[in-house]
Amino acid sequence: MKVNVAKVRYSEGESILFDLVEEFSSFDLGSEALSFHAPVHVQLQVNKTNRAMLVYGNIQTELEATCGRCLETYVCPLSLSFHDEWVFRAQATEDLLESALLLDKDEVDITERIFEQIVLALPMKFICSAECQGLCSVCGANRNLTSCHCGEDDINPRFAALGQWQSKD
Ligand SMILES: [Zn+2]
Ligand SMILES: [Zn+2]
């Protein structure tokens with residue numbers, strides 16, 4: 001995923017828009033493998049200021065994730081905005097050297113930078129829906145799909161003890 005900043009590089013106050021779409025490959029997140037269900041759509045506005053290029057970005061895509069409750073695979077839409085600073089290495093001040101994306105030429109490969117933003121925006125836990133019932137802890141059935149009857153036969157041990165005590169009477 002590449003953009004070219006030649007048009008704004010020397011023109012303070014100038015801005016340029018980019019609209020990019022690219023397929024990203026799947027990746028591992030800890031023990032979980034995540035893949036993209038849709039191409040990554042990136043919109044960028046790059047504004048040249050006196051010190052750097054200020055970038056406002058928007059990323060939209062869809063991931064294929066596994067729900068942490070019901071273990072089903074589902075499509076997780078992702079939409080995020082971010083801002084960034086890009087600067088040519090030779091012009092970078094000390095603070096920019098640490099935080100900005102350093103450019104060596106007009107053509108900039110932003111794939112890694114975009115991927116970073118996506119990873120940072122991922123939820124701590126993937127849940128297919130707030131209403132997901134998860135799996136039955138007794139029979140393992142997906143409670144979203146079937147209503148097993150495990151809960152109904154459950155006997156509260158206190159009632160069981162009470163029942164026994166009464167029967168001896
Ligand atoms: Zn679920
Ligand atoms: Zn059950």
* To do: Working only within the stretch 10-26, note down all residues that are closer than 30 Å to Ala65 by Cβ and part of a loop (DSSP other than H, G, I, E, B).
  => Glu23, Phe24, Ser25, Ser26
* Sort through Leu120, Leu162, Leu145 and tell me the only one that's away from ligand 1 (no atom under 16 Å from the Cβ) and at pLDDT 85 or above. => Leu120
* Condition met for Leu80 (farther than 30 Å from Arg143 by Cβ, free of Cβ contacts under 8 Å to residues at least 24 places away in the same chain, in the same structural domain as Val8 (by TED's automatic domain parsing) and in contact with a helix residue (DSSP H, G or I) (Cβ under 8 Å, 6 or more places away or on another chain)) -> no
* Can you find even one residue in the stretch 51-66 that is of a type in the set (A, V, I, L, M, F, W, C) and under 30 Å from Asn144 (Cα atoms)? -> yes
* Asked: Hey, among the residues in the stretch 51-92 that are loosely packed, with under 15 Cβ neighbours inside 10 Å and among the β-branched types (Val, Ile, Thr), which one's nearest to Ser25 (Cα to Cα)?
  -> Val75
* Structure fact -> In the stretch 18-37, anything aromatic (Phe, Trp, Tyr) and modelled with pLDDT under 95 is listed as Phe27
* Asked: Being over 23 Å from the mean Cα position of the chain (by Cα), surrounded by 12 or more Cβ atoms within 10 Å (Cβ to Cβ) and among the basic types (Lys, Arg), is that true of even one residue in the stretch 132-145?
  -> yes
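For every residue, the table says whether it meets (1) part of a loop (DSSP other than H, G, I, E, B); (2) closer than 16 Å to Ser35 by Cα; (3) in contact with a Ser or Thr (Cβ under 7 Å, 6 or more places away or on another chain); (4) of a type in the set (Asp, Glu).
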position	(1), (2), (3), (4)
Cys70	yes, no, no, no
Tyr74	no, yes, no, no
Glu85	no, no, yes, yes
Ala90	no, no, no, no
Gln117	no, yes, no, no
Ser129	yes, no, no, no
Cys139	yes, no, no, no
* To do: Just give me the residues in the stretch 31-61 being assigned to a strand (DSSP E or B) and under 16 Å from Thr73 (Cα atoms), in sequence order.
  => Glu32, Ala33, Leu34, Ser35, Phe36
* So, of the residues in the stretch 39-50 that are more than 19 Å from Leu120 (Cβ to Cβ) and surrounded by fewer than 17 Cβ atoms within 10 Å (Cβ to Cβ), which turns out to be farthest from the chain's Cα centre (by Cα)? -> Asn50
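The values are calculated or read from the model by the stated rules, or taken from the named source; none is laboratory data. These numbers were taken from a predicted model, which means no experiment stands behind them. Note that we place each Cβ from the backbone using ideal geometry, even for glycine, and neighbour counts take in every protein chain shown.
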